[in-house]
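The values are calculated or read from the model by the stated rules, or taken from the named source; none is laboratory data. What you see is a predicted model, and the numbers here were worked out from it, not measured in a lab. Every residue, glycine as well, gets a Cβ built from its backbone with ideal geometry; the counts of neighbours run over all protein chains shown.
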Amino acid sequence: MQVTTYVWASGFGGTFRPGPGAPTVTIDKSFGELIEDVDAAFFISGLIKHDRLVVVADLTHSSASRGGLVPTGNPALPVLPAEGSLRQTSATALVGYRAVEQTGASLDVLVGGRAWWIRPKAAVPALGLSTSAKASFVDPVFGARLNIKPSPRFSLLVYGDIGGFGAASEVTGQAVATANFKIARDIWITGGYRYLYVDYKSGRVRTTAALAGPLFGATIGF
C-alpha cells in the first residue's frame, strides 16, 4: 500500500454557463498559458496491491477564477469582459489487474468511476450579472497505469484514464506522468505533470474545463 500527497499548480481554461439564461463565459487558454497561469490545488492518490489485484484511488480539490469573454450578439461590440470561476472536487476509484509484472516494469489495466462536485460561476461586471450553480455526478472510467523502475531508487510512472461516454458527462479524462526518487525506506519524492478534463452538460449547468500543471509531492509506503 502507498499514499501520495501532492501540491498541484493547476491552470485552467474552458467554457462555463451556470444555468439557463446565464451568460456563457469562455476562458481561452493555450497549452502554454495553462502552465503559466496556475492556482494551488490539493491532490492525493493511493494504491493497494494484493497479488495481481490492484486498487487505485485519487481525490482532487481546486478553486480558480480567470478573466474571459462573453458574446453580446452585437456586431458593434461582439464581446464583453467577464469572469469565470470553477470550484471542483473529484474522487476517482478503480480496481484492476496487473497484466504485466516484470523486473523493472509493471502495467495495470483498470475500471471504475469518478465522482464530481462542481460549482461554476459566471460574472459580467459591465452588465451587473453574476450567477452560479452546483452539480454532482458520477462517470464510468477506464484506465491504465505503467510503472518503470530502471533502478532501485528511481522510477517513472505514467497513468491515464478516459470516461463519461454520455453516462453523466460527455467525456472526462486525465493523464499523469511523474518521476520518483527514493530518499529513505518507503519514502519517495515525486515531481511531474497532470492534466484533468471534463465536459458536462445538464439542464442547469454547462461546464467544459481543462486543468493542467506541474505537481510535486511525497509518497509513503506501508
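Out of everything in region 82-105 that is buried (at least 20 other Cβ atoms within 10 Å of the Cβ) and among the hydrophobic types (A, V, I, L, M, F, W, C), what residue ends up being nearest to L211 (Cα to Cα)?
L86
Is there any pair linking a residue in region 195-215 that is closer than 11 Å to S90 by Cβ and at pLDDT below 90 to one that is in a strand (DSSP E or B) and among the hydroxyl-bearing types (S, T, Y), with Cβ under 6 Å and at least six apart or on different chains, and which?
L211/S10
Being loosely packed, with under 13 Cβ neighbours inside 10 Å, at pLDDT below 80 and not hydrophobic (A, V, I, L, M, F, W, C) is true for just one of P78, P71. Which residue is that?
Values: P71 fails: loosely packed, with under 13 Cβ neighbours inside 10 Å.
That would be P78, the only listed residue that is loosely packed, with under 13 Cβ neighbours inside 10 Å, at pLDDT below 80 and not hydrophobic (A, V, I, L, M, F, W, C).
Look at region 1-58 and say how many of its residues are modelled with pLDDT of 80 or more and aliphatic (A, V, I, L, M).
12
Taking the condition of being over 21 Å from A168 (Cβ atoms), at pLDDT 95 or above and either under 23 Å from the mean Cα position of the chain (by Cα) or not in a strand (DSSP E or B) (or both), how many residues in region 93-105 meet it?
Selection size over region 93-105: 1.
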